[in-house]
1. To make sure I understand, if each residue's beta carbon is the centre and we count other beta carbons within 10 Å, what order do Thr104, Thr83 fall in, fewest to most?
2. By count of other Cβ within 10 Å, fewest leading, how are Trp67, Trp89 ordered?
3. For Glu38 and Ala59, FRET efficiency with R0 = 22 Å and r from the beta-carbon atoms, rounded to 0.05?
4. Rounded if a/c is under 1.5, else prolate if a/b beats b/c, else oblate: with a ≥ b ≥ c from the C-alpha gyration tensor eigenvalues square-rooted, which is the range 1-56?
Amino acid sequence: MTDPIDIAPVDLTPLDPSRDEPRWERMIASVVQRALTEARRLTVARQLAAWARPVLAIAATLAIAAWTGAALTPTGATATAPTSVMTQWAYEGQAPEAATIFETLGGDHGE
């Protein structure tokens, strides 16, 4: 067995901020005062006003992205487009023949 190591405890009293009582009380009063001042400044209306600009910026960005996406989407989709035909099959629960599917998708891919 090994003997326990004899280590002297470290004296941390020089780090105690409450040793200088007047300075300690001033620090506490300062922290409390800042907290109360901040709490009074942040009313619901002021908090909403502070968030208004970022929310409007995000909404504008999303609107521009949606409009850009809509502008880039081809508008020439017809009822005979493969996606329209296949969607119609899915809604009606149809299971077309393989030849019909190949014709709808372009027919000559294997030739």
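Values quoted throughout were computed directly from the atomic coordinates according to the rules given, and no laboratory measurement underlies them. The model shown is predicted, which means the values in this text are computed figures rather than measured ones. Every residue, glycine among them, receives a Cβ derived from its backbone with ideal geometry; neighbour counts consider all protein chains shown.
1. Thr83, Thr104
2. Working: Trp67 10, Trp89 15.
In order of increasing Cβ crowding within 10 Å: Trp67, Trp89.
3. Details: r = 28 Å, r/R0 = 1.29.
With a Förster radius of 22 Å, E is 0.20.
4. Working: a/c = 7.37, a/b = 2.22, b/c = 3.32.
Oblate.
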